[in-house]
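The values are calculated or read from the model by the stated rules, or taken from the named source; none is laboratory data. Just so it is clear, the model here is predicted, and its values are computed rather than measured. Heads up, the Cβs are rebuilt from the backbone with ideal geometry, glycines too, and the neighbour counts pull from every protein chain shown. Areas reflect the complete protein model, heavy atoms only, side chains present, ligands, DNA and RNA absent. Shrake-Rupley method; radii C 1.70, N 1.55, O 1.52, S 1.80 Å.
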Amino acid sequence: PGQIYRRSLIFRLLSLNKNQAAHSKILDVSCGSGDMLEAIQDRFPTIQLAGIDQSQSGLDITCKNTPTALLKKVNLESPEPADSELSNWASHAVCSEVLEHVDNPVEVLKNIQSFLEPGGMIAITVPGGPRSAFDISIGHNMHYTPELIKDQLEQAGYDVEISAGAGFPIFNLYRLVILLRGERLSDDIDGTPNLPARFAMAIFRAMMRFSFFSTPWGWQIIARARKPL
């Protein structure tokens, strides 16, 4: 449910119709195994796509699932990303659930700018609210507030359009269940979810659309910003 909800937020932040998408180029930052790229391609089949990640195995999986995407191995935590054909390439970048994992988010955001055309837009989701035991186990260094992501984007040189909390009340309730589940959540993911867990996830998926896009209380933090012209 959380992943589905975050994708809906990304599409809302991108704010693209099919006509605009035909002339757009979207870069997925830390694309992993390409789930986000697949979702974007499903919605906009003619759009130009690219992905960057420091994991070659993830890029190999992405290549199989979205063979038309331009993929590059890049370490965004290095002082400067390597020069590539993606320099100033993207009209839009997606950075979803990435910044909480890195040691220097401002440096990463600065490096992402090198892939955006002047005026290009970046759509971001990062976790907010308290960190669960599961969050810590998968490498969440911090959780965000709207003020923190706005400050980091401005330090990195972006013009910020949106920084807000999303997800109140349903996503917050979903996150609260994760908090209460604690370290046992790892067992749920590794194994086959039992019937009550599957039922709960189905309820959350159905109800998630009733979460507010922008509120002071949302535990899913969103942002949209642009590279200066």
Quiz item: Any idea which of (1) surrounded by 15 or more Cβ atoms within 10 Å (Cβ to Cβ); (2) among the hydroxyl-bearing types (Ser, Thr, Tyr); (3) part of a helix (DSSP H, G or I) is the one Ser57 doesn't satisfy?
Solution: (1)
Exercise. Look through segment 160-181, keep the residues that are over 18 Å from Ala206 (Cβ atoms) and of a type in the set (D, E, K, R), and return whichever of them is surrounded by the fewest Cβ atoms within 10 Å (Cβ to Cβ).
Key: Glu161
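Any residue that is within 15 Å of Asn111 (Cβ to Cβ), of a type in the set (Gly, Ala, Ser) and outside any strand (DSSP E or B) - is there at least one of those in segment 64-78? Explain how you work it out, then say what you get.
If we filter segment 64-78 for residues that are within 15 Å of Asn111 (Cβ to Cβ), which is where we start, we get 72-78.
Then keep just the ones that are of a type in the set (Gly, Ala, Ser); that gives 78.
Checking which are outside any strand (DSSP E or B) leaves us with 78.
Yes, there is a match, as at least one residue in segment 64-78 is within 15 Å of Asn111 (Cβ to Cβ), of a type in the set (Gly, Ala, Ser) and outside any strand (DSSP E or B).
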Quiz prompt | Pair list, Cβ < 8 Å and 6+ apart or interchain, from segment 54-73 residues that are farther than 14 Å from Leu27 by Cβ and β-branched (Val, Ile, Thr) to residues that are open to solvent by less than 40 Å² (accessible area, probe 1.4 Å) and in a loop (DSSP other than H, G, I, E, B) | solution = Ile61/Gly34
Quiz item: Going through segment 108-127 one residue at a time, which ones are touching a residue at least 40 places away in the same chain (Cβ under 8 Å) and of a type outside the set (A, V, I, L, M, F, W, C)?
Solution: Lys110, Gln113, Glu117, Pro118, Gly119, Gly120, Thr125, Pro127
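Residue-by-condition table, conditions (1) over 26 Å from Gln20 (Cα atoms); (2) in a strand (DSSP E or B):
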{"residue": "Glu85", "(1), (2)": "no, no"}
{"residue": "Val108", "(1), (2)": "yes, no"}
{"residue": "Ile112", "(1), (2)": "no, no"}
{"residue": "Glu117", "(1), (2)": "no, yes"}
{"residue": "Ile122", "(1), (2)": "no, yes"}
{"residue": "Asp135", "(1), (2)": "yes, no"}
Practice problem: Filter segment 102-113 for residues that are surrounded by fewer than 22 Cβ atoms within 10 Å (Cβ to Cβ) and under 20 Å from Leu37 (Cα atoms) and give the result. | Solution: Gln113
Practice problem: Quickly run through segment 207-229 and pick out the residues that are surrounded by fewer than 22 Cβ atoms within 10 Å (Cβ to Cβ), in a loop (DSSP other than H, G, I, E, B) and of a type outside the set (Phe, Trp, Tyr). | Solution: Ser214, Pro216, Pro228, Leu229
Quiz item: Tally time: how many residues in segment 137-159 are open to solvent by less than 10 Å² (accessible area, probe 1.4 Å) and assigned to a strand (DSSP E or B)?
Solution: 1
Self-check item: Given (1) among the hydrophobic types (A, V, I, L, M, F, W, C); (2) more than 16 Å from Ile221 (Cβ to Cβ); (3) touching a helix residue (DSSP H, G or I) at 6+ places or on another chain (Cβ under 8 Å), number of the condition Leu109 does not satisfy
Solution: (2)
Self-check item: Test for Gly51: is it more than 16 Å from Ala93 (Cα to Cα), touching a residue at least 12 places away in the same chain (Cβ under 8 Å), crowded, with 16+ Cβ neighbours inside 10 Å and not basic (Lys, Arg)
Solution: no
Quiz item: What's the number of the condition Leu71 fails, among (1) surrounded by fewer than 18 Cβ atoms within 10 Å (Cβ to Cβ); (2) over 24 Å from Ile149 (Cβ atoms)?
Solution: (1)
Practice problem: Have a look at Ser87, Ser91, Ser30 and point out the one that is open to solvent by less than 70 Å² (accessible area, probe 1.4 Å) and under 13 Å from the mean Cα position of the chain (by Cα). | Solution: Ser30
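Identify, please: which residue in segment 33-45 is assigned to a loop (DSSP other than H, G, I, E, B) and either under 15 Å from the mean Cα position of the chain (by Cα) or more than 19 Å from Arg12 (Cα to Cα) (or both) and is, among those, modelled with the highest pLDDT? Reasoning before the result, please.
So the first thing to find is which residues in segment 33-45 are assigned to a loop (DSSP other than H, G, I, E, B), and the list is 33-34, 44-45.
Subsequent filtering for residues that are either under 15 Å from the mean Cα position of the chain (by Cα) or more than 19 Å from Arg12 (Cα to Cα) (or both) retains 33-34.
On the way: Ser33: 88, Gly34: 91.
Among those that are assigned to a loop (DSSP other than H, G, I, E, B) and either under 15 Å from the mean Cα position of the chain (by Cα) or more than 19 Å from Arg12 (Cα to Cα) (or both), it is Gly34.
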Quiz prompt | Filtered residues of segment 7-40 (kept if aliphatic (A, V, I, L, M) and touching a residue at least 60 places away in the same chain (Cβ under 8 Å)) | solution = Leu9, Ile10, Leu13, Leu14, Leu16, Ile26, Leu27, Val29, Met36
